[in-house]
1. Pick from 192, 230: which is in contact with a helix residue (DSSP H, G or I) (Cβ under 9 Å, 6 or more places away or on another chain) and buried (at least 22 other Cβ atoms within 10 Å of the Cβ)?
2. Do you know which residues across segment 22-55 are part of a helix (DSSP H, G or I), over 22 Å from residue 116 (Cα atoms) and out of contact with any strand residue (DSSP E or B) (no Cβ under 7 Å at 6 or more places or on another chain)?
3. So which residues in segment 184-223 are modelled with pLDDT of 95 or more, in a loop (DSSP other than H, G, I, E, B) and out of contact with any strand residue (DSSP E or B) (no Cβ under 7 Å at 6 or more places or on another chain)?
4. Among the helices (runs of 4 or more DSSP H) confined wholly to segment 56-163, which include 2 or more residues that are touching a residue at least 60 places away in the same chain (Cβ under 8 Å)?
5. In contact with a strand residue (DSSP E or B) (Cβ under 6 Å, 6 or more places away or on another chain), crowded, with 23+ Cβ neighbours inside 10 Å, modelled with pLDDT of 95 or more and in the same structural domain as residue 317 (by TED's automatic domain parsing): is that true of residue 250 in this structure?
6. Does segment 298-312 contain any residue that is buried (at least 16 other Cβ atoms within 10 Å of the Cβ) and within 25 Å of residue 118 (Cα to Cα)?
7. Does residue 277 qualify as being in contact with a helix residue (DSSP H, G or I) (Cβ under 6 Å, 6 or more places away or on another chain) and not assigned by TED's automatic domain parsing to the domain that holds residue 27?
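The values are calculated or read from the model by the stated rules, or taken from the named source; none is laboratory data. None of the values given here were measured: they were computed from a predicted structure. Cβ: placed from backbone, ideal geometry, glycine included. Neighbour counts: every protein chain shown.
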């Protein structure tokens with residue numbers, strides 16, 4: 001099958017450091033190539049891939065000090081996609097909705113994976129206008145604000161099985177990994193560590209939009225003797241960071257569409273303690289791969305109960321449900337439905 005993958009240009013594919021969507025695009029692309037498909041990747045020029053790369057900007061835009069308008073680069077990318085559109089059996093977009101007007105006018109099979117939150121009021125008139133667009137959710141919870149869309153499937157993210165090593169022995173610290181922002185609630189993670197008297201290591205990036213939050217809310221909390229702030233880390237460092245943790249804290253306060261860090265932790269054999277928000281109940285199996293909580297007190301008790309979990313079951317849960325091979329297989333079923341002529345159908349709200 002001739003497949004185009006269209007990635008955001010904010011990060012390289014795969015990202016050098018943080019970057020969930022681009023990371024998933026990389027795993028999917030590599031697995032499709034491994035299975036013998038002819039894949040073209042539209043991405044930043046510093047991306048590394050086994051597929052044919054169509055560079056749409058010189059380097060990832062987040063790390064390019066000369067970039068002032070990211071939208072301009074994405075519009076140019078869409079023109080490159082349009083020029084080659086009829087060369088592909090299917091085009092798979094990962095760039096939210098920017099391509100919808102274009103694809104409405106091109107009779108080419110296509111699908112869009114929506115990677116972000118969908119509960120913002122601004123989205124309702126937009127998605128009602130383009131309700132025929134075939135889309136994929138990354139969790140069932142993600143769909144709830146827009147049930148009228150033409151949902152083709154829910155496809156959970158997946159990782160290569162050999163990306164992370166299984167660590168049979170737990171370490172003596174709690175881990176927080178990802179991004180410093182109000183919805184990720186690193187303040188909750190710090191409070192939990194203080195309540196149970198266990199070291200918390202925070203490996204996270206601070207984006208410009210969250211700089212004030214970091215300086216005003218989080219930095220003062222870093223003075224706690226139980227906390228060590230490491231900063232942003234890459235894949236190689238994540239293996240040790242997650243694998244040697246006693247548990248991963250995922251104390252989110254927003255409708256998380258998926259939460260890639262949860263399955264990265266499970267791949268290492270490290271249980272997850274997560275708030276009951278968004279996709280969490282779909283990813284974590286209560287009492288097997290971690291604990292789902294709704295308060296600081298529950299989280300503190302969960303830390304005490306982690307010793308009763310078997311880390312090998314966390315790893316097996318990852319292998320069973322969240323491999324890149326399974327993710328690619330699910331997407332290929334979606335592509336087949338598109339190629340069989342299944343047309344988008346407007347659904348009643």
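1. Details: 230 fails: buried (at least 22 other Cβ atoms within 10 Å of the Cβ).
Sole residue among the options that is in contact with a helix residue (DSSP H, G or I) (Cβ under 9 Å, 6 or more places away or on another chain) and buried (at least 22 other Cβ atoms within 10 Å of the Cβ): 192.
2. Pass one, segment 22-55, residues part of a helix (DSSP H, G or I): 22-34.
Still in the running and over 22 Å from residue 116 (Cα atoms): 30-34.
If the condition is that a residue be part of a helix (DSSP H, G or I), over 22 Å from residue 116 (Cα atoms) and out of contact with any strand residue (DSSP E or B) (no Cβ under 7 Å at 6 or more places or on another chain), then 30, 31, 34 are the ones that fit.
3. Hits for segment 184-223 are 185, 197.
4. Details: elements: 70-84, 100-104, 123-129, 140-143.
Output list reads 70-84, 140-143.
5. On the way: in contact with a strand residue (DSSP E or B) (Cβ under 6 Å, 6 or more places away or on another chain): yes; crowded, with 23+ Cβ neighbours inside 10 Å: yes; modelled with pLDDT of 95 or more: yes; in the same structural domain as residue 317 (by TED's automatic domain parsing): yes.
Against the criterion (in contact with a strand residue (DSSP E or B) (Cβ under 6 Å, 6 or more places away or on another chain), crowded, with 23+ Cβ neighbours inside 10 Å, modelled with pLDDT of 95 or more and in the same structural domain as residue 317 (by TED's automatic domain parsing)), residue 250 qualifies.
6. no
7. On the way: in contact with a helix residue (DSSP H, G or I) (Cβ under 6 Å, 6 or more places away or on another chain): no; not assigned by TED's automatic domain parsing to the domain that holds residue 27: yes.
For residue 277, the condition - in contact with a helix residue (DSSP H, G or I) (Cβ under 6 Å, 6 or more places away or on another chain) and not assigned by TED's automatic domain parsing to the domain that holds residue 27 - is not met.
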